[in-house]
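Novice: The structure's right below; bear with me while I get my questions together.
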Amino acid sequence: MVVEVLHTRYPQGAEKQLVQAVSGRQVPSGKLPADAGCCIFNLNTTCAIYRAVYEGMPVVNKIVTVSGSGVIDPKNIECPIGTPITKLFDACGGLKDETYKLIMGGPMMGLAQYDLDVTVGKGTGAMLAFADKEEQYVEDPQCIRCGKCVGVCPIRLEPIFMYKYLMKGDVDTWQNVLHGMDCIECGACTYTCPARLPLTHAFRLGKQEVNNARMAAKAKAEAEAKAAAEKKEA
């Protein structure tokens, strides 16, 4: 066993970045770490595998970080999967009256929640609540072409052009030329953008559109194959 000490640099913990930092290998576009001869397991996954194999115990609990300026007494809580997030906030003394946003996940990659009617899942690692006006929202933001988003992208993509083509509705160029599906949604481009463009959010929507098209094409092919088989039998 060899322990590698890495620099503290976001998003160093992402699997593709870990593979390159530790082994010097690069995961090919559209591939997984296994395609580069590596497997990535975090501590929780490793412990869960041990308990499942040697103790017959599935994943039933999660340690969730409950924090943010809207939480009265932030803390880490171990709770059963399926626990309502209201119970987590209650265990932290509740939410401040001026709380205006809830995020499931971290501040860079988390997803905003519309209400408190959600539960802890096996992938839930944090619940954040914000009470102060920490979000710098801009109406109708305009790119100033500074290129800062390109400089911080850990995958070496070009968010400035990816966003432009998505706004034009050109998903094909975004996917096939600019490799938009390789985006790991780390949020670094959105964080550094002085114009406050919703880059990461746009790329998530682009991925969803591509995946929906793939599912529709697959369903169509299966339906045509089924119809052809039925016609042949008849």
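Novice: Quick check on the range 116-138: of everything there that is at pLDDT below 90 and under 20 Å from the mean Cα position of the chain (by Cα), which residue is farthest from Lys62 (Cα to Cα)?
Specialist: Result: Glu135.
Novice: Out of all the residues in the range 134-158, which are in contact (Cβ under 8 Å) with a residue 12 or more places away in the chain and of a type in the set (Lys, Arg)?
Specialist: Scanning the range 134-158 gives Arg145, Lys148.
Novice: May I pose another question? Taking interchain pairs and intrachain pairs at least six residues apart, which have beta carbon atoms under 7 angstrom, with the first residue in the range 14-41 and not assigned by TED's automatic domain parsing to the domain that holds Cys153 and the second surrounded by fewer than 14 Cβ atoms within 10 Å (Cβ to Cβ) and in a helix (DSSP H, G or I)?
Specialist: Val27/Asp35; Pro28/Asp35; Cys38/Ser23
Novice: Another question, then. Within the range 131-145, count every residue that is aliphatic (A, V, I, L, M) and either under 20 Å from Asp73 (Cα atoms) or outside any loop (DSSP other than H, G, I, E, B) (or both).
Specialist: Matching residues across the range 131-145 total 1.
Novice: Looking at the range 72-115 only, could you name the residues that are among the polar types (S, T, N, Q) and part of a strand (DSSP E or B)?
Specialist: Step one: list which residues in the range 72-115 are among the polar types (S, T, N, Q), which gives 76, 83, 86, 99, 113.
Correct list: Asn76, Gln113.
Novice: Any residue at all in the range 146-154 that's charged (D, E, K, R) and either surrounded by 16 or more Cβ atoms within 10 Å (Cβ to Cβ) or part of a helix (DSSP H, G or I) (or both)?
Specialist: Step one: list which residues in the range 146-154 are charged (D, E, K, R), which gives 148.
Next cut, either surrounded by 16 or more Cβ atoms within 10 Å (Cβ to Cβ) or part of a helix (DSSP H, G or I) (or both) only: 148.
Yes, the conditions are met somewhere in the range 146-154.
Novice: Given the conditions (1) part of a strand (DSSP E or B); (2) touching a residue at least 40 places away in the same chain (Cβ under 8 Å); (3) over 30 Å from Met181 (Cα atoms), which single one is not true for Ser69?
Specialist: Going through (1) part of a strand (DSSP E or B); (2) touching a residue at least 40 places away in the same chain (Cβ under 8 Å); (3) over 30 Å from Met181 (Cα atoms) one by one, Ser69 breaks only (1).
Novice: Next question, about the same structure. I need the full set of residues from the range 160-194 which are among the hydrophobic types (A, V, I, L, M, F, W, C) and either assigned by TED's automatic domain parsing to the domain that holds Leu111 or within 23 Å of Gly106 (Cβ to Cβ) (or both), in order please.
Specialist: Met162, Met181, Cys183, Ile184, Cys186, Ala188, Cys189, Cys193
Novice: Which residue is farthest from the chain's Cα centre (by Cα), if the candidates are limited to the range 187-199 and must be farther than 14 Å from Val138 by Cβ and surrounded by 21 or more Cβ atoms within 10 Å (Cβ to Cβ)?
Specialist: Cys189
Novice: A follow-up question, please. Among the candidates Ile81, Ile49, single out the residue that is exposed (fewer than 13 other Cβ atoms within 10 Å of the Cβ), under 27 Å from Ile184 (Cα atoms) and not polar (S, T, N, Q).
Specialist: None of the others qualify; the one that does is Ile49.
Novice: Still on this structure, please answer the following. Sort out which residues of the range 179-209 are aliphatic (A, V, I, L, M), more than 15 Å from Leu157 (Cβ to Cβ) and in a helix (DSSP H, G or I), and write them in order of number.
Specialist: Leu205
Novice: What do you reckon, is Leu128 in a loop (DSSP other than H, G, I, E, B), among the hydrophobic types (A, V, I, L, M, F, W, C) and in contact with a strand residue (DSSP E or B) (Cβ under 9 Å, 6 or more places away or on another chain)?
Specialist: For Leu128, the condition - in a loop (DSSP other than H, G, I, E, B), among the hydrophobic types (A, V, I, L, M, F, W, C) and in contact with a strand residue (DSSP E or B) (Cβ under 9 Å, 6 or more places away or on another chain) - is not met.
The values are calculated or read from the model by the stated rules, or taken from the named source; none is laboratory data. Keep in mind it's a predicted model, so treat the numbers as computed, not measured. Every residue, glycine as well, gets a Cβ built from its backbone with ideal geometry; the counts of neighbours run over all protein chains shown.
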